[in-house]
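One structure is given below, encoded as structure tokens.
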Amino acid sequence: FLQVLNEKKLQEVDSLWKEFETPEKANKIVKLKHFEKFQDTTEALAASTALVEGKLSKNLKKILKKIVAKDAHEQLAVADAKLGGVIKEKLNLSCIHSPMVTELMRGIRSQIEGLITGLPSREMAAMCLGLAHSLSRYKLKFSPDKVDTMIIQAISLLDDLDKELNNYIMRCREWYGWHFPELGKIITDNLTYCKCVRKVGDRSNFASSDVSDILPEEIEEDVKAAAEISMGTEVSEEDINNIIHLCDQVIEISEYRTQLYDYLKNRMMAIAPNLTVMVGELVGARLIAHAGSLLNLAKHPASTVQLLGAEKALFRALKTKRDTPKFGLIYHASLVGQSNTKNKGKISRMLAAKTALTIRYDALGENTSAEMGAENRLKVETRLRLLEERGIRRISGTGKALAKTDKYQNKSEVKVFDPSGDSTLPVVSKKRKIQEVDEPDTEVAVKAKKFKAEMKEGTAVEDGEPVKKKKKKKDKQKQAEEEEVLSEELPTSPIIEVR
């Protein structure tokens, strides 16, 4: 505690720094009234953290009661307005906080070694450094027991390994494919492909080598048969050695990825067992990594948990005034994947609500069992089953009735290619050709039929049976022309007189 000697010079805030240029000038402004040393770093850290948070520590409260109570009529200058309010409330002391106090504190810190006697500069520097490190750890919430940091690093590394492994396998298949292209179509599994290439090497060795421990008998026979008639190019031994070295890297990374996945699974079951039961270890780890920590994730509401990972789509939809997304990272959970397209939004919303509860239970609860997660998962599965089986019920005036919602069926329209548009030549149908060839013969036959029909009509009229006329109107001139043509074409029979 320092006492101000000359309050008039404090009024000039802009030139106050000049009064603290040297220790002699500083001693004319303020004087040391009371100094109490901390016993260890832990006590100093507790007092510093209390000041940072604006709280009144027990040691500071005792000192204020002893020292300042004697001079209760004087004001107490404090650097933190929040701390001043706490002191005024608990000890009924008038406190002041202003730009003048800030400049005064800055000047005192610059000449602290001259104002406090009996402390070597080396010891003061060591104490300040140790306290600064401890305070930084506290501010950053650094703790070796904080294991969700391990989960964040593990899931990030797992994603990086998947990307690198994919690139390596693609390069290996493409590289060895120049030498033995048929092998890539026969062996579809990437790890088996690399193991087979590493063991055999050149394709000419397939006939004499035994790969029954890697491949089934049928596939092994296909590989040996394809190796004899392969269309690949010949490569040198140095090229094969480089390809085999790449296969070794792929196999090692694959084994390490399996080990890392087991580690992540065990960590997730230890830290967040209920979250793991609800959405799985990979989705749960990605949610924790996206939020920063399990505690930060527990502070998010269910609606935020539902959309974590889809922030770009959300703000783009809000900007363009379109439909907002229904799910983010939670889309990869098994429960959402089981539902059909129509119910994915409903299931993701319900799953996010239950997941938010399990996250808070894992982060803030003391129990480490996964019973709550199993119960909530069962509820979501029951709801999913009801939706899939049209079990949605509504409450009406007559009681509960089945909702009139049809089950969603995906209708895909398959368009067939029309080959008629390919050719630019004029198309003449076969029927048309036949008609053109037979045209002179058919004209005679048609006209003969018409003549017979007219003859029948005439005989029917003579017998006294009226025949219904057709409603079609024919031109008289055309009819006359047709009769003339018929009289010319039909053969005339000789007339025999009977007496």
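For the residues W175, W17, a 1.4 Å probe over the protein chains yields an accessible-area ranking, largest first, of W17, W175. In this view, the solvent-accessible surface of L364, computed with a 1.4 Å probe and all protein chains in place, comes to about 120 Å².
Do the alpha carbons of any pairs in K31/K58; K8/K88; K8/K31; K8/K82; K55/K88 sit beyond 21 Å of each other, and which pairs? As for pairs spanning more than 21 Å Cα to Cα, those are K31/K58; K8/K88; K8/K82. Take each peptide in 269-277, 150-158, 365-373, count the other Cβ atoms within 10 Å of every residue, and average; sorted highest first, the result is 269-277, 150-158, 365-373. For the stretch 2-140, just say rounded, prolate or oblate: build the C-alpha gyration tensor, square-root its eigenvalues into a ≥ b ≥ c, call rounded for a/c under 1.5, and beyond that prolate if a/b exceeds b/c, oblate if not. It comes out oblate by the Cα gyration axes. Which pairs in the list K319/K344; K342/K379; K33/K90; K163/K354; K299/K346; K299/K319 are over 28 Å apart, alpha-carbon to alpha-carbon? Pairs exceeding the cut-off: K163/K354. Take the stretch 272-390 with all the other protein chains still there, run a 1.4 Å probe, and you get 53 Å² of accessible area per residue.
Using C-alpha pairs below 8 Å separated by at least 6 residues, the relative contact order for the stretch 146-261 is 39 percent. Take the alpha carbon gyration tensor of the stretch 220-374, find the square roots of its eigenvalues, order them as a ≥ b ≥ c, and report rounded if a/c is under 1.5; if not, report prolate when a/b exceeds b/c, else oblate. Here the stretch 220-374 falls in the prolate category.
At the residue level, K28 shows approximately 140 square angstrom of accessible surface with a 1.4 angstrom probe and all protein chains present. On the stretch 2-140, 54 percent of the accessible area sits on carbon and sulfur atoms, based on a 1.4 Å probe.
Sorting the segments 33-40, 294-301 by their residues' average number of neighbouring beta-carbon atoms within 10 angstrom, most packed first, yields 294-301, 33-40. Annotation: R106 carries an accessible surface of approximately 130 Å², with a 1.4 Å probe and no ligand, DNA or RNA atoms counted.
Site pair T192 and L5 shows an inter-label distance of 9.1 nm when each label is modelled 7 Å from Cα along Cα→Cβ. For the set C128, C95, solvent exposure ranked by accessible area (probe 1.4 Å, protein chains only) runs largest to smallest as C128, C95. Overall shape: rounded for the stretch 169-241, with the ratio a/c of the largest to smallest alpha carbon gyration tensor axis below 1.5.
Peptides 350-356, 61-67 ranked from most to least packed by the mean count of surrounding Cβ atoms within 10 Å: 350-356, 61-67. Between I219 and F315, residue separation times 0.36 nm minus the direct Cα-Cα distance comes to 29.4 nm.
The values are calculated or read from the model by the stated rules, or taken from the named source; none is laboratory data. Just so it is clear, the structure is predicted and the values come from calculations on it, not from any experiment. Reconstructed Cβ throughout: ideal geometry from the backbone, glycine too, with neighbour counts over all protein chains shown. The area values use the complete protein model at the heavy-atom level, side chains included, leaving out ligands, DNA and RNA. Shrake-Rupley method; radii C 1.70, N 1.55, O 1.52, S 1.80 Å.
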